[in-house]
Amino acid sequence: MNLTKIKFLLTLKTCSLAKKESILISYHIQNKSLISILYKEGSIQSFKLQNFNNKIFIHLRYYYNRVLLDSLTIISKPSNKKYVKLKDLYKLNSKKKLFILSTAKGLKSLLECKINNIGGKLLFVC
């Protein structure tokens, strides 16, 4: 995982721990793909791209006064990459956690990887 994704995820986690309702992040194409996956999975409430100043405005989702991104843990770092094979995907318990993988077909959640029968690099867990 490159540094722009890591900085973006750490910013999200820091803002969620500070109990902020919304944040403004600079636009990057990799940030937008991560945001769209987090939105599909229900971890963030909404996002809006502001073209005039090249920023993304994100509303964090709360569930019983708890932010859903406060348990975000980065698994793969530039120095230590964790790859998951297809047969190992089924060993991961996805009931309560959200797993995001980087595959040959782009960023996918664990459920999408199981449906498409592909493995990849495990990026982070929420």
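Assuming 0.36 nm per residue, please report the length gained on full extension of the stretch residue 114 to residue 4 beyond their Cα-Cα distance. Show your work: numbers first, answer last.
On the way: separation 110, 0.36 × 110 = 39.60 nm, distance 2.68 nm.
So the chain would gain 36.9 nm between residue 114 and residue 4.
Would you work out if segment 3-60 is rounded, prolate or oblate? Take a ≥ b ≥ c from the square roots of the eigenvalues of the alpha-carbon gyration tensor; rounded if a/c is under 1.5, else prolate when a/b is larger than b/c, oblate otherwise.
On the way: a/c = 1.25, a/b = 1.21, b/c = 1.03.
Since a/c stays below 1.5, the shape of segment 3-60 is classed as rounded.
What net charge do the residues around residue 76 carry, taking every other residue with its C-beta under 9 Å from that of residue 76, with Lys and Arg at +1 and Asp and Glu at -1?
Values: positive: 77, 81, 82, 121; negative: none.
Residues near residue 76 contribute +4 overall.
So how tilted is helix 3-17 from the main axis of the chain? Cα-based, degrees 0 to 90, rounded to 10.
Rounded to the nearest ten degrees, it is 60.
Which of 101, 24 comes first, and how do the rest follow, when ranked by fewest Cβ neighbours within 10 Å? Display every interim value, and only then the final one.
Values: 101 25, 24 11.
Listing 101, 24 from fewest to most nearby Cβ atoms yields 24, 101.
Would you kindly state how much longer the chain becomes between residue 63 and residue 79 on full extension, computed as 0.36 nm times their sequence separation minus their alpha carbon distance, in nm to one decimal?
On the way: separation 16, 0.36 × 16 = 5.76 nm, distance 3.42 nm.
Value of the extension gain: 2.3 nm.
What does the charge count near residue 40 come to, summing +1 for each Lys or Arg and -1 for each Asp or Glu among other residues with Cβ under 12 Å from its Cβ?
Values: positive: 108; negative: 41, 112.
That sum, taken over residues with Cβ under 12 Å, equals -1.
Could you line up 105, 7 from fewest to most neighbouring Cβ atoms inside 10 Å? Can you show the working numbers first?
Details: 105 11, 7 14.
Ranking 105, 7 by Cβ neighbours within 10 Å, fewest first, gives 105, 7.
Just flag the chymotrypsin sites (Phe, Trp or Tyr not before Pro) in segment 56-116 sitting in loop per DSSP whose Cβ has no more than 16 other Cβ atoms within 10 Å.
On the way: sites: 57, 62, 63, 64, 83, 90, 99; in loops: 63, 64, 90.
For chymotrypsin sites (Phe, Trp or Tyr not before Pro) across segment 56-116 that sit outside H, G, I, E and B with at most 16 neighbouring Cβ atoms in 10 Å, the list reads 63, 64, 90.
Kindly identify segment 73-125 as rounded, prolate or oblate by the Cα gyration tensor criterion: order the square roots of the eigenvalues as a ≥ b ≥ c, call it rounded if a/c is under 1.5, otherwise compare a/b with b/c, prolate if a/b is larger, else oblate.
Values: a/c = 1.62, a/b = 1.23, b/c = 1.31.
Because a/c hits 1.5 or more and a/b fails to exceed b/c, segment 73-125 counts as oblate.
Pick from 91, 19, 108: which residue has the top mean-square fluctuation in a GNM of the chain where Cα pairs under 10 Å get a spring?
91
Could I have the simple spin-label model distance between residue 104 and residue 51, label points 7 Å from Cα toward Cβ, reported in nm to one decimal?
3.6
Just so you know, all these numbers are worked out from the coordinates, no wet-lab data involved. The shown structure was predicted, so the numbers you read here are calculated from the model rather than taken from an experiment. Quick reminder, even Gly has a Cβ in these numbers, built from the backbone with ideal geometry, and neighbours come from all protein chains shown.
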